[in-house]
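Asks: Okay, handing you the structure first.
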Amino acid sequence: MRAILVHRLGPPEVLQLAEVPRPEPGPGQVLVQLHATGVNFSDTERRRGVYKNLTLPWTPGTEGAGRVVAVGPDTDSSLIGRRVAFWAMPPAVSGTYAEYAVAPAGALFDLGDAVPFELGAALPVQGLTSYGLAFFATAIVPGATVLIHAAAGGVGQILVQLARRQGARVLGTVSSLKKAAAVEHLGGEAFLYGPDLPERVAAATGGRGVDRVFDSVGKATQEQSLAVLAPYGELIYFGDASGPPDPVDPDQLYNRCLKVGAFGLYIDDPAAWTIARRNLLAWVEAGEIEISISRRFPLAEAAEAHRLLEGRATTGKLVLLPDAG
């Protein structure tokens with residue numbers, strides 16, 4: 001099969017198209033013929049060596065969508081032919097920048113006939129992360145005010161909508177007027193990044209601040225994220241695109257009784273995450289959540305997708321189309 005293969009870590013150019021053996025599903029796994037693959041910022045971090053546990057050569061990708069064409073031992077054979085999407089971390093999944101990938105049978109979204117493969121590939125990582133932030137990491141109650149950094153990104157756009165579903169007022173930081181329009185289209189209030197962000201948030205909230213901050217930027221936004229919190233507010237990290245935040249001294253938290261936490265997409269409660277997958281699909285099918293796909297690329301152009309993602313030149317989701325070109 002065709003797949004992207006990385007022989008050395010480095011810039012986007014290390015993503016090279018190659019012919020590799022098709023993977024075989026093991027016990028509890030399925031083989032999926034991929035029609036769409038999600039591109040995530042974590043893929044770029046692994047390519048650059050931020051994570052140290054890679055064995056080269058390596059095929060990137062942890063999510064995708066397509067049709068089940070084979071199952072492994074002790075796996076339900078009725079899954080063959082099913083239209084599915086999935087997210088899983090290696091070694092439970094083979095790299096999805098490819099024409100075929102293996103995935104755990106327990107991690108599948110059942111797309112049915114209604115959800116296009118491209119939309120399915122755009123849902124697992126960002127959808128499950130947003131769901132976990134909105135429902136598991138903290139409480140978002142009606143009438144709360146939340147601030148979401150990078151609100152026009154893949155996670156940001158879904159999280160804006162989930163927080164709104166729960167009755168929250170949503171403020172979202174963006175880097176351009178185009179991205180501001182995307183956030184406002186979803187019912188959020190857009191704020192351009194800038195040194196005066198805390199003052200603008202204070203003015204917008206009558207001096208009170210916000211109850212929750214969801215921060216995937218990290219070091220560059222840390223000071224402002226803490227500054228905009230209302231008393232008893234909570235800062236939740238789910239990424240550090242600008243670098244890891246500095247350690248937080250508890251003395252910074254006492255005066256307003258603040259909390260700092262973190263959320264990572266680690267599926268350790270199968271029943272809860274099965275409900276999450278089911279709810280996300282139902283909301284997408286009903287048109288209650290919009291999934292924005294910014295750009296589509298053939299598999300051979302994975303490097304260009306990484307360049308755009310790292311350059312913050314996108315809104316919504318980037319997908320690769322393994323069967324294009």
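For every residue, the table says whether it meets (1) in a strand (DSSP E or B); (2) open to solvent by 10 Å² or more (accessible area, probe 1.4 Å); (3) among the aromatic types (Phe, Trp, Tyr).
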{"site": "Glu45", "(1), (2), (3)": "no, yes, no"}
{"site": "Val50", "(1), (2), (3)": "no, yes, no"}
{"site": "Gly61", "(1), (2), (3)": "no, no, no"}
{"site": "Gly66", "(1), (2), (3)": "yes, no, no"}
{"site": "Ala70", "(1), (2), (3)": "yes, yes, no"}
{"site": "Met89", "(1), (2), (3)": "no, yes, no"}
{"site": "Ser94", "(1), (2), (3)": "no, yes, no"}
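Asks: Next question, about the same structure. Look at Glu199 and say whether it is farther than 20 Å from Gly316 by Cα and either out of contact with any Phe, Trp or Tyr (no Cβ under 9 Å at 6 or more places or on another chain) or open to solvent by less than 70 Å² (accessible area, probe 1.4 Å) (or both).
Replies: Yes.
Asks: Considering only residues of region 76-87 that are modelled with pLDDT of 95 or more and surrounded by 13 or more Cβ atoms within 10 Å (Cβ to Cβ), which is nearest to the chain's Cα centre (by Cα)?
Replies: Checked region 76-87; the qualifying residue nearest to the chain's Cα centre (by Cα) is Phe86.
Asks: Within region 32-43, how many residues turn out to be assigned to a strand (DSSP E or B) and open to solvent by less than 10 Å² (accessible area, probe 1.4 Å)?
Replies: Final tally of qualifying residues: 6.
Asks: Yes or no: Arg8 in contact (Cβ under 8 Å) with a residue 24 or more places away in the chain, in contact with a helix residue (DSSP H, G or I) (Cβ under 7 Å, 6 or more places away or on another chain), on the phi < 0 side of the Ramachandran plot and loosely packed, with under 15 Cβ neighbours inside 10 Å?
Replies: Spelling it out, Arg8 is indeed in contact (Cβ under 8 Å) with a residue 24 or more places away in the chain, in contact with a helix residue (DSSP H, G or I) (Cβ under 7 Å, 6 or more places away or on another chain), on the phi < 0 side of the Ramachandran plot and loosely packed, with under 15 Cβ neighbours inside 10 Å.
Asks: Let me ask something else about it. Which residues, taken from region 11-31, are of a type in the set (A, V, I, L, M, F, W, C) and open to solvent by less than 50 Å² (accessible area, probe 1.4 Å)?
Replies: Residues satisfying the conditions are Val14, Leu15, Ala18, Val20, Val30, Leu31.
Asks: Next question, about the same structure. Of all residues in region 274-311 being of a type outside the set (A, V, I, L, M, F, W, C) and out of contact with any helix residue (DSSP H, G or I) (no Cβ under 9 Å at 6 or more places or on another chain), which is least open to solvent (accessible area, probe 1.4 Å)?
Replies: Ranking the candidates gives Pro298 first.
Asks: OK, next. Filter region 185-196 down to residues that are under 14 Å from Ala163 (Cα atoms) and out of contact with any Asp or Glu (no Cβ under 9 Å at 6 or more places or on another chain) and give me whichever is surrounded by the fewest Cβ atoms within 10 Å (Cβ to Cβ).
Replies: Of everything passing the filter in region 185-196, Gly187 is surrounded by the fewest Cβ atoms within 10 Å (Cβ to Cβ).
Asks: Another one. Within region 118-146, which residues are open to solvent by 10 Å² or more (accessible area, probe 1.4 Å), in a helix (DSSP H, G or I) and farther than 28 Å from Glu19 by Cβ?
Replies: Across region 118-146, the qualifying residues are Leu119, Gln126, Thr129, Tyr131, Phe135, Phe136, Ala137.
Asks: Now a separate question. Go through region 125-139 and count every residue that is in contact with an Asp or Glu (Cβ under 8 Å, 6 or more places away or on another chain) and either at pLDDT 95 or above or over 24 Å from Arg83 (Cβ atoms) (or both).
Replies: 1
Asks: For Val102, work out the one condition from (1) assigned to a helix (DSSP H, G or I); (2) open to solvent by less than 30 Å² (accessible area, probe 1.4 Å) it doesn't fulfil.
Replies: Only one criterion is unmet by Val102, namely (1).
Asks: Among the residues of region 131-163, write down those that are among the hydroxyl-bearing types (Ser, Thr, Tyr) and over 22 Å from Ala230 (Cα atoms).
Replies: Tyr131
Asks: Identify, please: which residue in region 147-176 is among the hydrophobic types (A, V, I, L, M, F, W, C) and out of contact with any strand residue (DSSP E or B) (no Cβ under 8 Å at 6 or more places or on another chain) and is, among those, most open to solvent (accessible area, probe 1.4 Å)?
Replies: Going through the qualifying residues, I end up with Val155.
Asks: Within region 109-117, identify whether any single residue is in a helix (DSSP H, G or I) and open to solvent by 10 Å² or more (accessible area, probe 1.4 Å), and answer yes or no.
Replies: Yes, some residue in region 109-117 is in a helix (DSSP H, G or I) and open to solvent by 10 Å² or more (accessible area, probe 1.4 Å).
The values are calculated or read from the model by the stated rules, or taken from the named source; none is laboratory data. Small disclaimer: the values here were computed from a predicted structure and weren't measured. Glycine gets a Cβ as well: all are built from the backbone with ideal geometry, and neighbour counts include every protein chain shown. Only protein heavy atoms, including side chains, enter the accessible area calculation; ligands, DNA and RNA are left aside. Shrake-Rupley method; radii C 1.70, N 1.55, O 1.52, S 1.80 Å.
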